[in-house]
1. How much length is gained on full extension from residue 232 to residue 387, taking 0.36 nm per residue of separation minus their Cα-Cα distance?
2. Using 0.36 nm per residue of separation minus the Cα-Cα distance, give me the extension gain between residue 342 and residue 421 in nm, one decimal.
3. Assuming R0 = 60 Å, what is the FRET efficiency of residue 101 and residue 334, from their Cβ-Cβ distance, to the nearest 0.05?
4. Say each of residue 89 and residue 325 gets a label point 7 Å from the Cα, pointing the same way as Cα to Cβ; how far apart are those two points in nm?
5. Give 205/250; 275/376; 177/250; 148/232; 204/250; 186/376 a once-over and call out the pairs whose C-alpha atoms are over 32 Å from each other.
6. Taking just the alpha-carbon atoms of the stretch 383-441, what radius of gyration and Dmax come out, in angstrom?
7. Where does each of 415-425, 92-102, 203-213, 275-285 land if you order them by average Cβ count within 10 Å, highest first?
8. Which trypsin sites (Lys or Arg not before Pro) in the stretch 131-191 sit in a loop by DSSP (not H, G, I, E or B) and have at most 12 other Cβ atoms within 10 Å of their own Cβ?
Amino acid sequence: QLREQNGYAPMVSDFESLWTRRLYGRIRDCFNRPITGVAGGRVNLLERVSKDFNNTFQFTGRVLNVLNLASYNYLGFAQSEGPCADKVEEAMHANGITQGSSRAEVGRSRQLADTEDMVARFVGTEAALIVSMGYATNALNIPTLVGKGCLIISDELNHNSLVSGARLSGATIRVFKHNDVRNLEKQLRFSIAQGQPRTHRPWKKILVVIEGLYSMEGQFPKLPEIVELRRKYGFYLFVDEAHSIGALGKRGRGVCDHFGVDPREVDVLMGTFTKSFGAAGGYIAGSRALINYLRLHSHSAVYAEAMSVPVLAQISSSMRMIMGEDREHALEGQQHLEQLAVNSRYMARRLAEMGFMTMGDPGSPVIPLLLFNPAKIPAFSRECLRRNIAVVVVSYPATSIITGRVRICISASHTREDLDYALEQFSEIGDLLMLKFHKDKVAQK
Ligand code: PMP
């Protein structure tokens, strides 16, 4: 029934693509696995009936308790008990789950106002706006900032939510090569007639959009160089800190903290609470003028449900712990940060020593391990699951077809035993699938 019928295209029309038909269909059991319980350092997966090709969720009844290297639970705050969970429970009893209106209607709850102030303080800006979904934070706020007659210059590997926001905005979009500052400058020179006064530029505004940590590559942006370019060419800079906030920098304040860049050098700092804070939603932080403008004009603020108060409780309690402001748990946040940094470096170093081809900058909590051959993607994932480990495998369209990879997400909640167990298993799988490159070559690098 997927073929063309009645002279118009079928509703589900993507099925003919080579990728979907030949590859994705065969490896879909590696994705979208049914889980129960908290996706913390370990997670329960329900075993599916093999050949459940229609994705109908038929289970064998077996629960697999696996080591979770698949969630973005960087600081280990995704939990169902402990100080944050207590605050969430209290907030739920006091406020329920929903306010049943956008902030522009019934109003902004006290907790929302307080958490927005806290986010601004944490990030180092004047003000912040919280949005109930991370994806929509990008998709709906970029169009509020730029539109027709404006230019967006975007890193080629930017997340889909940034691409959606750019397309929705109606601005002209140009793409620069991933993390290539020279290429970005070339695009800027090309876009701005040199020597013209700023008022004579052909664009109303120019917005350069990058990420604080590229989650498919584990790479940091060249922030100090891009900030230099911002001074030279006078564009606005938008940084998506979904993966870097809470995870990078000595104080966990993200990519600016990591590079020692003043956050006020970035015009728009966006981030999500889904990763390091074990919560949900996103934020935009920046000058008071910017945030006041977004509060009035952003569709995410005017037309979408305000953030649920129990979720705000998770955000504010975990953030307070990271900032060391929770007296009872004063050291815990800092310990989580240090543990994440130690775990990430340990994993990356040991994988490289074993001869795996890994990507990413030192200290990145996401460690991609390259598989190259698409056939090895499901094999790696299934071998891991057989050994009670969950990993994320990624390939086209999130990466190019020949650079498919496993993404290992490190958390502060992983113990050294967890990591050593995973390394031992990866080593065996690496031999089985011939993924190890000659150790001498790695040593020379
Ligand atoms: N930006 C980036 C860079 C992301 O990786 C993601 C999701 N992983 C988002 C935005 C969307 O955030 P959320 O999942 O919280 O909706």
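1. Using 0.36 nm per residue and subtracting the Cα-Cα distance, I get 50.5 nm.
2. Values: separation 79, 0.36 × 79 = 28.44 nm, distance 1.65 nm.
So the chain would gain 26.8 nm between residue 342 and residue 421.
3. Approximately 0.95, to the nearest 0.05.
4. Placing both labels 7 Å beyond Cα along the Cβ direction yields 2.4 nm.
5. Working: 205/250 34 Å; 275/376 28 Å; 177/250 29 Å; 148/232 24 Å; 204/250 38 Å; 186/376 38 Å.
Distance filter (> 32 Å) returns 205/250; 204/250; 186/376.
6. 13.1, 34
7. Details: 415-425: 15.3, 92-102: 13.3, 203-213: 22.6, 275-285: 26.7.
Per-residue mean Cβ counts within 10 Å order the peptides as 275-285, 203-213, 415-425, 92-102.
8. Values: sites: 148, 167, 174, 177, 182, 186, 189; in loops: 148, 177.
Those that pass, being in a loop and sparsely packed, are 148.
Bear in mind these aren't lab numbers, they're just calculated from the coordinates by the rules spelled out. This is a predicted model, so every value here is computed, not measured. All Cβ positions, glycine included, derive from the backbone under ideal geometry; neighbour counts span all protein chains shown.
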